[in-house]
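Rule-based calculations on the coordinates, nothing more; no lab input. All values derive from a computational prediction rather than experimental measurement.
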C-alpha cells in the first residue's frame, strides 16, 4: 500500500469513529435528560409525601390532645 492510501484509510477510520462517538454522545445525552426528568419527578413526589407526613403528624398530635383532655 502506498503512504497516501494508508493515510486515506486512517482518515476514513477516524471519520467513522467520530460519527460513532457522536451517535453515542447523543444517546447518552438523551438518557441523561430522561434520568434528570425522572429525578425531578421523584423529588416532587418526595416533597408531596413529606407534606402529607407533616399533616398526619399534626392531626395525630391534635387527636392526642383531644384524648388527653377527656
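Match the structure shown to one of the listed values (i) 67, 7, 4; (ii) 32, 21, 11; (iii) 29, 13, 9 of semi-axes √(5λ) of the Cα gyration tensor in Å, computed from it, and give that label.
Label of the calculated value: (i).
Per DSSP helix of 4 or more residues, -39500 (n - 2.57); summed, then divided by the residues of the chain. What does that give at 222 nm, rounded to the nearest 500? Let's see the in-between values first.
Numbers: 1 runs with 67 residues, N = 70.
After summing the helix terms and dividing by the residues of the chain, the value is -36500 deg cm²/dmol.
Nearest 10 degrees is fine. How inclined is helix 3-69 to the longest principal axis of the chain, computing both from alpha carbons?
Tilt relative to the chain: about 0 degrees.
Between residue 29 and residue 61, 0.36 nm times their residue separation minus their Cα-Cα distance comes to what?
Numbers: separation 32, 0.36 × 32 = 11.52 nm, distance 4.77 nm.
The residue 29-residue 61 span can extend by a further 6.7 nm.
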